[in-house]
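Notes for the one structure printed next.
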Amino acid sequence: MENRFSFLEAEPQWLSQWQKIHLGAPANGTEAPFVMVIPPPNITGSLHVGHALDNILPDCLIRYHLSRGRPALRVPGTDHAGIAAQFVVEKHLKSQGVDRNRLSRDEFEAVLKNWAETTKTNILEQLVKMGCVMDFTRTRFTMDSICSRAVRHAFKHLFDKGLIYQGDRLINWCVRCHSALSDLETEWNSVKGRLYYLRYPLEGGGEIVVATTRPETMLGDSAVAVNPNDSRYFDFKGRFVILPLINRRIPIIQDHRIEAGFGAGAVKVTPGHDPLDWAIGQDHQLPIYKIIGEDGLMTAPAGVYQGLAVAKARQKILDDLKQQNFLIKEEPYAHNTAVCYRCAQVVEPLISKQWFMKMDPLRDLALKAYQDNGEPKFHPPHWGELYRHWLQNLKDWCLSRQIIWGHRIPVWHCKSSSKLKPENFSKSNSELGTGNLEQFSSCHPICSEETPASCPSCGSTALEQDPDVLDTWFSSSLWPMSVFGWPDQTPDFKRFYPTSLMVNGYDITYLWVARMVMMGLYLTGRVPFKEVYLHGLVRDSQGRKMSKSLGNVIDPAVIQNERGTDALRFGLIMAMQPGRDIYLSKDSFVSAQNFNTKLWNASRFILQELSKLTPAAPVKETPANLTHWAHPADFWMIGEINKTIQTFNQEMLRLDPAAALRCLYGAFWGSFCDWYLEIVKLRRLNDRYGNTVSLMRDLLGDFLVCLQPFIPYVTHEITKEFNSYLAVKTLLALHPSPAPWNVKSDLLQQGARWASITKEMVMEIRSLRADLGLSPTDEIQVHWQNASNHGFNSQDTAIIQGLAKCRFVEPSLSAVKIRRVIDSGNIELTLYPATTWDAARETARFRAELEELDRSVNRLKRLLSNTGFTGKAPPDVIEQERGRLQGCLQRREKFSDYLKQLEQSSS
RNA sequence: GGGCAGUUAGCUCAACGGUUAGAGCGUUCGCCUCACACGCGAAAGGUUGGGGGUUCGAAUCCCUCACUGCCCACCA
């Protein structure tokens, strides 16, 4: 074995073996498989460290369940990522000097398909390299034929139920992406703008002042609103305003949504370009003027301002208002503006004909499932309430996007007649005036899973598919169903749906998780996953988001190259705290790598001991009759591993792999390496040493099996090195998770007691050695009273001598003495240092100890004489306190005795 | 504006009503000791954010204040 784990050489060997182990051995029992689907990464580029988390945490769970003999499946795949992907590809084209607007729809789609193929391959390869156990024969892509079919089927079903409709609504329009966005796809930025106070003249004399941050929208005003209780405006009721610049006559209306306290108390109402104004406009039946177009330029109704970009129009309108004395004042004002969550450009609220989905029936199902059955179960639990609250306030979902990359809406329009269908146009539409609305025939739109041959109403074959594509999250919301072939009742769908657990970052709880639940419930009657684990977001060591511009991005591939995939996996899992964001720096992976090295080296030591055994045939299995040959140290370690196995299982099952890993880390390094292996070394001369070595090997085997889900590469590589020496016969990943060792509890207790005394003694001596400034080669002489009472024989004392670099001697009356007690004062230790020694310091030490003990004794006496305590506390707690008091008294007696001796000898 | 989470050692976090609050990293000191210097040993470091309450007993439960982060809403 090399003295370092060469991960770069070792890693590639294991990948092909792991790809075969999905679902594990053929299921013999009836236990339901543990099923997860991957949160499909966007095909925008390569995987970042957040993706690594999304995949490594589930992989640990999948591997864990496989090792417990439960069939386990994880389905990989990728997401076409609509706007996000189109944005990235547009940028890429631009960097190559290609303007995407000069490409035809088909040409651009071809570029995107090509891009998707490349990144898909790259992403799947990265997943494989991270060691993820997935069934790559079931790999899906949200735009492949299976998923697309599910999308069309779901759409048609919802359409037929009347839940999907087309209509003119105020929506979020990204001018750069040239598409509508849903409410969840906008983000809010604080901007330092200005608040402008405009003077609106009243018909018949007088004026009213309105405040606005967007003066250019005044061209679209159709009313001025005031609060009905605002006494300043009681007299204005029923009067009209003549809108400056364009001289439109608009009413003054009253609406309770207007806050009297803000600005001037009167608000210009622009139903075409503001969400609140749109709502007010609906209620008051106000006309709508669309003065900003989808291209971000002022439209024809904007009159002389037509064709100007919004910012330029604003400036010109301000100039004109000022010149005509309509601008009273302006003041600095911080407010929020919506931006596109993908391209970060300003979102314009505007009226547009879009496809929407009524969410109420779906929402009700999700609320009922959550309230009645607690489904899905959230980790951490407080997310459940957030989810419920969000559902309660859910609005209709804007489904259509005016981009190219995505699922084309499965609706066809009949072009046979140019006759307009009057009910498609509300009276306000006639005033939109931009001609942007499609002219549809009188035939009903045809929703169909397959391209229809002809119009069912008129028989015409002049059909045109709706040009829009679906929100990328529509296909995502079907993912846990579509990957298994839904709507067909495939064997996979029957066996694996609903899935067991969904793991992803909390940032997409509403965008994705909630929608999957709603769609799953509505379309299949079942919540698509029993549990949801929402992990925190990865941030840098200062808590900032990782971004390319800040230069604080951690590329998982770089960590893998520098420290190994296991270090990446270990470091990420250890950094996870349920419900909290994860702060990472490149240094976060140092101690992870160190652990792997430690594991490697400890294994190397054990292998070396195995190979030294003669004859060449080492013990294959630890002899069962432990009581005949095992040492208390062995029983102690067995007790430790039993506790570890128990905690490990418990934490894994309650979805806290970080706690599980912490427990393994501490037991392996702190108990197994630091103490047990060191003790074993000191037992080499024992004639049963061969048995000890095989026990040590089997204990290592337990650790390897438990650690395998987290650090598969190094553990598998170790089992390979051990070859026939290790009891692990199959591929480690399929080796059964260890059960606690079946050893009588009194033996375990004896072992624990032995270890407790030994460790305390050794640490006391080591501490004193450091205190005295002794060199590690200097032996320190020790006398130990009452040793035999604790059953310590010569082998035990040899172990202590070896660990503490000391030598046991007969008591000496003449030598310098340092006294200590251990085991709560039951054992007295006398040390004879062969060096000068500061008696004054020792005296001070005892005095301090005594003071501390006095305090403890007083406290404990008070506590134990408190009838409130003795009457109410559980008996074992009282017993524990009694024991503590006993120990303190014993120690105090010894220490005052030593102190007296010290004072006598120094005087 | 509404809501959620958090505040414990220099840093990241444990401790899930039991009385002397623990790890890892970092720091300091001593060691290349035959698995490992990616290591070993030793040590320093805390009024558990402030205040009040419940309890025999509070980091833990309740109230309150302060601060931090996030989500939702969007006052023009």
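The values are calculated or read from the model by the stated rules, or taken from the named source; none is laboratory data. The shown structure was predicted, so the numbers you read here are calculated from the model rather than taken from an experiment. No Cβ is skipped: glycine too gets one built from the backbone with ideal geometry, and neighbour counts run over all protein chains shown.
Per-structure values
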item	result
Matching residues in the stretch A:531-564 - criterion: being hydroxyl-bearing (Ser, Thr, Tyr) and in contact with a Phe, Trp or Tyr (Cβ under 6 Å, 6 or more places away or on another chain)	A:Ser541
Criterion: within 11 Å of RNA strand B (Cβ to nearest atom), among the aliphatic types (A, V, I, L, M) and surrounded by 13 or more Cβ atoms within 10 Å (Cβ to Cβ) - qualifying residue of A:Leu829, A:Leu853	A:Leu853
Complete set of residues in the stretch A:339-366 that are among the hydrophobic types (A, V, I, L, M, F, W, C), more than 16 Å from RNA strand B (Cβ to nearest atom) and outside any strand (DSSP E or B)	A:Cys343, A:Leu362, A:Leu365, A:Ala366
Of all residues in the stretch A:493-505 being touching a strand residue (DSSP E or B) at 6+ places or on another chain (Cβ under 9 Å) and farther than 16 Å from A:Trp473 by Cβ, the one that is surrounded by the fewest Cβ atoms within 10 Å (Cβ to Cβ)	A:Arg495
Pick from the stretch A:880-907, criterion of a type in the set (Ser, Thr, Tyr) and assigned to a helix (DSSP H, G or I), ranking: surrounded by the most Cβ atoms within 10 Å (Cβ to Cβ)	A:Tyr898
Contacts under 8 angstrom Cβ, first residue in the stretch A:706-732 being among the acidic types (Asp, Glu), partner at pLDDT below 90, 6 or more apart	A:Glu721/A:Met1
Qualifying residue in the stretch A:246-257 (condition: within 8 Å of RNA strand B (Cβ to nearest atom) and crowded, with 16+ Cβ neighbours inside 10 Å)	no
Which listed residue, of A:Ala575, A:Ala557, A:Ala592, is surrounded by 15 or more Cβ atoms within 10 Å (Cβ to Cβ) and away from RNA strand B (no atom under 11 Å from the Cβ)	A:Ala557
Contacts under 8 angstrom Cβ, first residue in the stretch A:852-868 being touching a residue at least 40 places away in the same chain (Cβ under 8 Å), partner near RNA strand B (Cβ under 8 Å from one of its atoms), 6 or more apart	A:Leu853/A:Cys888
Residues of the stretch A:265-282 satisfying the condition of being outside any loop (DSSP other than H, G, I, E, B) and either touching a Gly at 6+ places or on another chain (Cβ under 7 Å) or surrounded by 21 or more Cβ atoms within 10 Å (Cβ to Cβ) (or both)	A:Ala266, A:Val267, A:Lys268, A:Val269, A:Asp277, A:Trp278, A:Ile280, A:Gly281
Residue selected from the stretch A:786-822 under the condition surrounded by 12 or more Cβ atoms within 10 Å (Cβ to Cβ) and within 22 Å of A:Glu903 (Cβ to Cβ), by the criterion farthest from RNA strand B (Cβ to nearest atom)	A:Ser812
Residues (of a type in the set (Ser, Thr, Tyr) and free of Cβ contacts under 8 Å to residues at least 12 places away in the same chain) located in the stretch A:105-147	A:Thr118, A:Thr121, A:Thr137, A:Ser145
Of all residues making up the stretch A:315-338, the number that are exposed (fewer than 14 other Cβ atoms within 10 Å of the Cβ), at negative phi and part of a loop (DSSP other than H, G, I, E, B)	1
Residue that is farthest from RNA strand B (Cβ to nearest atom) [pool: residues in the stretch A:757-778 that are over 15 Å from A:His790 (Cβ atoms) and in contact with a helix residue (DSSP H, G or I) (Cβ under 7 Å, 6 or more places away or on another chain)]	A:Ile765
Hits in the stretch A:597-615 (condition: within 30 Å of the chain's Cα centre (by Cα) and within 7 Å of RNA strand B (Cβ to nearest atom))	A:Thr597, A:Lys598
Among the candidates A:Asp168, A:Asp59, residue that is outside any helix (DSSP H, G or I), of a type outside the set (Ser, Thr, Tyr) and surrounded by 15 or more Cβ atoms within 10 Å (Cβ to Cβ)	A:Asp168
Residue pairs meeting the criteria (Cβ under 6 Å; at least 6 apart or on separate chains; first more than 8 Å from RNA strand B (Cβ to nearest atom), in the stretch A:377-398; second basic (Lys, Arg))	A:Leu391/A:Arg363; A:Leu394/A:Arg363; A:Asp396/A:Lys358
Residue ID - nearest to the chain's Cα centre (by Cα), chosen from residues in the stretch A:171-226 that are within 9 Å of RNA strand B (Cβ to nearest atom) and of a type in the set (Phe, Trp, Tyr)	A:Trp188
Cβ pairs under 8 Å, 6+ apart, first in the stretch A:761-789 and free of Cβ contacts under 8 Å to residues at least 40 places away in the same chain and of a type in the set (Ser, Thr, Tyr), second in a loop (DSSP other than H, G, I, E, B) and surrounded by fewer than 13 Cβ atoms within 10 Å (Cβ to Cβ)	none
Any hit, the stretch A:528-542, residues being loosely packed, with under 15 Cβ neighbours inside 10 Å, of a type outside the set (S, T, N, Q) and farther than 22 Å from A:Cys60 by Cβ	no
